[in-house]
1. Given R₀ = 45 Å, what would the calculated FRET efficiency be for residue 98 paired with residue 51, taking r from the Cβ atoms and rounding to 0.05?
2. Any chance you could run the full-extension gain for residue 172 through residue 77? It's 0.36 nm times the residue separation minus the Cα-Cα distance, nm to one decimal.
3. Quick check: convex hull over the Cα atoms of the stretch 104-145, volume per residue in Å³, rounded to an integer?
4. If the cut-off is 17 Å between C-alpha atoms, which lysines fall inside it for residue 116, apart from same-chain ones fewer than 8 positions away?
5. Using a 1.4 angstrom probe, figure out how much accessible area the stretch 104-145 has per residue, in square angstrom, rounded to the nearest whole.
6. Ranked from the most accessible area to the least, with a 1.4 Å probe and all protein chains present, what is the order of 139, 45, 116, 89?
7. Whenever you get a sec, compute what percent of the accessible area on the stretch 104-145 sits on carbon and sulfur atoms (1.4 Å probe).
8. Reachable lysines from residue 83, Cα under 25 Å, same-chain residues fewer than 8 places away excluded?
Amino acid sequence: MRFPQNDRPFSCLLMEYTLENQNNTQIVADDLVVSLQYTLTVDGKVVDSAEKDDPLQFIQGTGDIIPGLESQLYGMSTGDNKKVSVAAKDAYGEIDPEASVEIPRSQFPAEIPIKKGIQLQVQNNDGEVMDAFIDSYTKDTIRLDFNHPLAGKSLLFDVTIVGLRSATEEELAHGHVHGEDMEEEDGDEEFSEDDFSEEEDA
Ligand code: ZN
């Protein structure tokens, strides 16, 4: 083979790299990094989304996203779009009616506004910190609910696969995605619970 005079010796390596990364025949399978554009609709209202240029990234098969969605992604390829309905039991679980407690207003910190849907953290006697929200209140008491704000809800996802690649050894060892030029990030943000706070009562 003859190369043009101005060709650089490492151009073959670059070609190989490019071809491998443009492999569009990959389908979603375990240990692949999936880039997902999505909207999440609950009770007819969009409560969360990720755009094409800033997709949600996760390693398929690690349980990083809710199981009812993850299981529906297998076999999809880049560009594929799908609507996925996930029942509460495969998302944030059914509502546990026992997971609430009524406390006297006198025990409630004065700086926290008392409104339905306000989210707070509560420390129990063992020092364990739990997320809760104000479910209801009377003039003497406040009822705190420890269910996830999306418990009991079925979720409707509209998803598009915008990227697929093999996870690196390091990513597999850590169990999470390392961005192209991002710093090491642990404790990845999932759906922010702030996105799901109830409308405040007037
Ligand atoms: Zn890591």
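The values are calculated or read from the model by the stated rules, or taken from the named source; none is laboratory data. Nothing here was measured: the structure is a model prediction, and the numbers come from that model. Don't worry about glycine lacking a Cβ; one is built from the backbone with ideal geometry, like all the others, and counts go over all protein chains shown. Each accessible area value is taken on the protein alone, full model and side chains, heavy atoms only, with ligands, DNA and RNA left out. Shrake-Rupley method; radii C 1.70, N 1.55, O 1.52, S 1.80 Å.
1. Working: r = 39 Å, r/R0 = 0.87.
E(calc), rounded to 0.05, equals 0.70.
2. Numbers: separation 95, 0.36 × 95 = 34.20 nm, distance 2.07 nm.
Additional length available on full extension: 32.1 nm.
3. For the stretch 104-145, the hull spanned by Cα atoms encloses 70 Å³ per residue.
4. Once the sequence-local lysines are set aside, what remains near residue 116 is 139.
5. 67 Å²
6. Sorted descending by solvent-accessible area, the residues read 139, 89, 45, 116.
7. On the way: 1320 of 2820 Å².
Carbon plus sulfur share of accessible area: 47 percent.
8. List returned: 45, 52, 153.
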